[in-house]
Amino acid sequence: MLSAPQFGVIYAHKKEGKSLAAHKHTRDANPNLNGSAKTPPQHTGRPYVISHHVRTVVACIVIAALVFAASAAAAVWINFDSAIRTRSVDFLEQNGEQEEVIDPNAGKPITFVVIGQDTRDGGNASLSGGTEADMGDHQADTTMVVQISADRSYVNLVSIPRDSLVDVPSCHTSNGTIPAQQGVMFNSIFSTAYREGGNLSSAASCTVQAVNSLTGLHIKNFIVVDFQGLYKMINALGGVDICIPTDLSDTYTELTLKKGMHHLNGLQATQYARMRHGEGTDGSDIMRTTRQQYLVKAIFKEALKKNLLTQSSQLYQLALAAIESLNISSGMANTSALVGLAMSLVHLKVDHIYAQTVPITVAPYDPNRVVWTQAADEVWQKFKEDKPLYGSASEGHKTQDEHKPEATQKPTEEPKASEEAAKPEESQEPQDTGTLDPKTGLLVMKDGTLIDPNTGGIVDPDTGAIKDPTTEQYIGTADRYINYTVCGVTE
C-alpha cells in the first residue's frame, strides 16, 4: 500500500500522458482539471405537474468503492483502468446534448442517474425470482438521481418510483427515434428504449433524457447495475448489518427474517431490497423504497468501518467488484476522473447522505399508480442550487438531531393587541412543537406522535417508515429510530 504522497506522484504521472492503456473513445482520456463544460440546461416542456429499489443502494456503494479505489497502489491501477474502460457505455446524443466528462476538481456539483436494471439475462435469473418467459426482458426496476455537492460534503439521493405516470419527450436510440409519450409508467421508458435500440446505451440515454425533461436538470451521466452487481458488491464488502423492525417473510424471494439485528450476505441483502410480498410489508413498491434507503446508509456505514491499513485487500476487492458490476456512462468511465472524485470524498459522513422519494400522491385515475406533486419542484430546485435536501447552503446542512420543522425554528410574530382580544381563548394555547429525542432524532408530540424533523413526515412506530402527512405516501425511513429502539444501536 502506498502512502498518500506516493499515490499522488503516481496520479500525477498518469496525468502527464503516460497511461497504461489506450482509451477506446476519441476524446481526451483525462478530464479538464481546470473547469468543465458550462452549457446551460435546456429544459423541455413542463411535465405532468403532478409531480425504490434494489439498486438504490448502488449510489452509496459506488461512492464508497471510489473512495477505496483512491487508496490503491500503482500496481493495481491497470486493473481498475481496464475494468472501468470495459464497463463504459456511450451516452447517445439527445437533442444536441452530448457526453460530458466529469471534472472532480472544477468546484461544481456532480449529478448522475443510477438505474437498477431488472433483467434475467446473464445469470440474474437465480437471483430475480423470475421465470424463463422473462428472459430477454429489460426493465428499470429503480431510478435514482444522485448529486454530490460541489464541496463534496454531502450527497443527495432522490428515488423516482417506477410506477410514476409521466410525460416524456422523444429520444434517440441506436436504431431510430422514439416519439414523445404521455401518461406512461416511468419504468417503461428504459424497457421501450432497450427494445427499440437493442442495447443498454439506448435504454439508459433515453431514461436520462426523460429525467432531464421532468426535473429541469442537465444530466449527461448514468450508472446501470443489475441483480448480480448488487450481490457481488455486498459479498465483497463482507455483508452488511441491518436492523429489522418487524418480522419479515416473503415467499417470492424466499427470505425470512425475525425482528432484530442481522448480518446479511449479498444474496440476503438483495432479497431484502427486492421483497414486497408477504409478512412485514404492504406489497407496495413505495414502501419497498423506504427499506432500500435505509439499506443505502447501512452499506455505506459498513464500508467506512474498514481499516485502510489492515484491510486493504478486502477494500481493493470491494472497489474492483463494484466497478466490474456496473455499466458506467462514457463521461464517468474515466480512471483519472474517478480517482480524483474518490480523493475528494474521503471525509464524507454517513449522516450527510440525504435520501428520500420524490414527492408523490395516488394518481386520480388509477389507484395503483402515482403522480408527482408540486412539492417535487422544490426538491429539484435544491439540486439546481447545489443545496442539501435538508437545510440550506446559507445555514449549512444539518444532521438529523439538529433539524426541526419550520414552526420550531422561527418564533411566531407577536399578534397585535386588537387581534389578541378578538381571538377565542383556546387559540391562545401554545402550539405543540414536540420534544426532540436525542437518541432517535425524532420529535415526540404530546399525543405520542413521532415526527421526522427533516421532512415533517409522520413516523410509523412499528416500522420506522416516514409518511407524508398530506398524501400519506412513504417518503423515507427513520433509520436512527429503528437502530436505537429495536436493536439498541446508538450513532
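The values are calculated or read from the model by the stated rules, or taken from the named source; none is laboratory data. Model, not experiment: these values are computed from the prediction. Heads up, the Cβs are rebuilt from the backbone with ideal geometry, glycines too, and the neighbour counts pull from every protein chain shown. Keep in mind that these areas ignore ligands, DNA and RNA; they rest on the heavy atoms of the full protein, side chains included. Shrake-Rupley method; radii C 1.70, N 1.55, O 1.52, S 1.80 Å.
A few comments on the model shown:
- Conditions (1) touching a strand residue (DSSP E or B) at 6+ places or on another chain (Cβ under 8 Å); (2) under 25 Å from ALA363 (Cα atoms); (3) in a loop (DSSP other than H, G, I, E, B); number of the one not met by GLU472: (1)
- Condition check for MET261: crowded, with 24+ Cβ neighbours inside 10 Å, not in a loop (DSSP other than H, G, I, E, B) and not charged (D, E, K, R): no
- For the stretch 136-253, the helices (runs of 4 or more DSSP H) that sit wholly inside it and include 2 or more residues that are in contact with a Leu (Cβ under 8 Å, 6 or more places away or on another chain), modelled with pLDDT of 90 or more and open to solvent by less than 10 Å² (accessible area, probe 1.4 Å) are 200-215.
- ASP351 crowded, with 18+ Cβ neighbours inside 10 Å, at pLDDT 80 or above and acidic (Asp, Glu): yes
- Leading residue by the ranking (most open to solvent (accessible area, probe 1.4 Å)) among those in the stretch 431-481 that are closer than 19 Å to VAL350 by Cβ and among the basic types (Lys, Arg): LYS439
- Residues of the stretch 278-299 that are modelled with pLDDT under 80 and over 20 Å from ASN187 (Cα atoms): GLY278, GLU279, GLY280, THR281, ASP282, VAL296.
- Residues that are modelled with pLDDT under 80 and not β-branched (Val, Ile, Thr) within the stretch 324-339 comprise GLU324, SER325, listed in sequence order.
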